[in-house]
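Heads up, the thing below is written out as structure tokens.
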Amino acid sequence: MHSAPAVSYPVGRSSMRTACLLLPWLLAGLACAVWVLQSEHFSAAHSLALILWLGGAWLVQSELRRQPQGLLTWDGQSWNWGMQGVQCVGRLRPRLDWQQGLLLEFQALDGRGFWLWLERGMSPLVWDGLRRAVYAPAAPALPALPAQQEAGS
């Protein structure tokens, strides 16, 4: 069995990741708004909820800025991640697959790990090759060289 061919895929902002971050925040805001509108007066609890909701907006915004952007590369034997001049080698594990997108966990050999949200729209022509590489079995290790016989035996 052959390994999947080499492929490079650009990683950028993901609309699915954005939706996963914004949707709970928006629903929380809607719930707070309904609660305030159903109440007879604005209380300290309402103020606290508003402050927490605004704090959530800050967290969502800061998390959206932290999304990794770089180049994910499969060279036929290992996964490489390159971002702003930093290169690392590691393992890749698919965690969620919705056909038009993938949530991948990249575990670098130095122990660092992070999540990559990839979508077909980032590079549609390379998408199928990327999916083949993600799900292809690992390439078999090269056989060990036979031990050289000692002279005189």
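Would you call L96 over 19 Å from R132 (Cβ atoms), without any contact (Cβ under 8 Å) to a residue 24 or more places away in the chain and either part of a strand (DSSP E or B) or aliphatic (A, V, I, L, M) (or both)? In short, no.
Scanning for something open to solvent by 30 Å² or more (accessible area, probe 1.4 Å) and either within 21 Å of C88 (Cβ to Cβ) or not in a helix (DSSP H, G or I) (or both), does the stretch 16-35 turn up at least one residue? No: zero hits.
Summed over the stretch 72-88, residues that are exposed (fewer than 14 other Cβ atoms within 10 Å of the Cβ) and not in a loop (DSSP other than H, G, I, E, B) total 2. Scan the stretch 116-125 for residues that are assigned to a loop (DSSP other than H, G, I, E, B) and either on the phi > 0 side of the Ramachandran plot or open to solvent by less than 30 Å² (accessible area, probe 1.4 Å) (or both) and the total you get is 1. Selection of the stretch 100-115 for residues being open to solvent by 60 Å² or more (accessible area, probe 1.4 Å) and in contact with a helix residue (DSSP H, G or I) (Cβ under 8 Å, 6 or more places away or on another chain) yields only Q100.
Residues that are under 30 Å from L109 (Cα atoms), open to solvent by less than 40 Å² (accessible area, probe 1.4 Å) and not in a loop (DSSP other than H, G, I, E, B) occur at least once in the stretch 55-63. When each of P68, P137 is tested for being at pLDDT below 90 and under 24 Å from W25 (Cβ atoms), the lone residue that passes is P68.
The values are calculated or read from the model by the stated rules, or taken from the named source; none is laboratory data. Keep in mind it's a predicted model, so treat the numbers as computed, not measured. Neighbour counts are summed over all protein chains in view; Cβ atoms, including those assigned to glycine, are modelled from backbone coordinates with ideal geometry. Accessible surface areas use protein heavy atoms only, side chains included; no ligands, DNA or RNA. Shrake-Rupley method; radii C 1.70, N 1.55, O 1.52, S 1.80 Å.
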